[in-house]
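Below: one structure, written as structure tokens.
The values are calculated or read from the model by the stated rules, or taken from the named source; none is laboratory data. Given the structure is predicted, the values throughout are model-derived calculations rather than measurements. Here the Cβ positions follow ideal geometry from the backbone for every residue, glycine too, while neighbour counts run over all protein chains shown. For accessibility, only protein heavy atoms count, side chains too; no ligands or nucleic acids. Shrake-Rupley method; radii C 1.70, N 1.55, O 1.52, S 1.80 Å.
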Amino acid sequence: MPAKLSVNLNAVAMLRNRRDLPWPSVTGLGRIALEAGACGLTVHPRPDQRHIRFSDVPDIRALLDDEFPDREFNIEGFPTKEFLALVEEHQPEQVTLVPDDPAQATSDHGWDFAGQGDFLKPIIARLKKQGFRVSLFADPDPGQVPAAAALGADRIELYTGPYGGCHDDSGKAAIELEKLGKTADAAAAHGLGINAGHDLTVANLPALARRMPELCEVSIGHGLTADALEYGMAETVRRFIRACEG
């Protein structure tokens, strides 16, 4: 089965937040993405609310519950007390834990599973007890996989930023792709599901999908939103779904 596509709405929200106006509509464009075949919607609410606002979360939850009950809500972020309260209130199907500093412009590294395991393990247990699928943001490093698997999470989300950054250098892209592929191989061997995200595009996604036949889901925001300015949201979602087929 091809990897599923979850549309990250952060870039849509960031554009909206440039003005004190209700457009572009986060839920409106989310609806278009779902109608076009996206498997779900992703948000990463940061403490400064510079893109997704906390007030967006119940609206997206209601959109999924009322109109697309077979699709998924993925909320990602650093597990602060406030973040955990947010996910427990709005019940996403998946929670992706990311080691972000609040000042970061975007996620740029995975967890140190060995060094931060004592912090993560009780949080993962708390979330799984409530029925959430838990995914952990991970660097392309097969050596970290055993420690990640020992924490009890369901999946890892591979940080694909270095791969996406090689858009003008096919040789470097091949090297980064193989790092991702070996990490995915190790994750599958340890019983972990595999997600991926960051700087994925229609151009670089097919090679990733071919190298990782076990890939469950990709979460894509920036590149997808940029393409939507040219092709429209519905056609862009269809293009990315085709790219997931490899």
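Things worth noting here:
- Only Lys, Arg, Asp and Glu carry charge here, each on its Cβ (+1 for the first two, -1 for the last two); on that basis region 30-71 has a dipole of about 260 debye about its Cα centre.
- Charged-residue dipole, Cβ positions (Lys, Arg, Asp, Glu), region 168-224 about Cα centre, Debye nearest 20: 120 debye
- Other residues with beta-carbon under 11 Å from the beta-carbon of Leu180 carry, at +1 per Lys or Arg and -1 per Asp or Glu, a net charge of -2.
- Residue-count net charge about Ala209 - beta-carbon cut-off 14 Å; Lys, Arg +1, Asp, Glu -1: +2
- Sequence of Trp111, Trp23 when ordered by accessible area, the most exposed leading, probe 1.4 angstrom: Trp23, Trp111
- Highest GNM mean-square fluctuation among Ile156, Ile175, Ile75, for the chain modelled with Cα contacts below 10 Å: Ile175.
- Of all lysines in the structure, the ones whose alpha carbon falls short of 22 Å from that of Lys179, not counting any fewer than 8 places away in one chain, are Lys4.
- Global geometry of the chain, whether rounded, prolate or oblate, following the gyration tensor of its Cα atoms and the 1.5 cut on a/c: oblate
- Signed unit charges on C-beta, dipole axis of region 1-103, positive-most listed residue Met14, Gln94, Gly37: Met14
- Lysines whose Cα lies under 17 Å from that of Lys121, excluding same-chain neighbours fewer than 8 positions away: Lys81, Lys129
- Radius 15 Å from Cβ of Asp118, net charge of other residues (Lys, Arg +1; Asp, Glu -1): +1
- Dipole magnitude of the chain about its Cα centre (Cβ charges: Lys, Arg +1; Asp, Glu -1), debye to nearest 20: 140 debye
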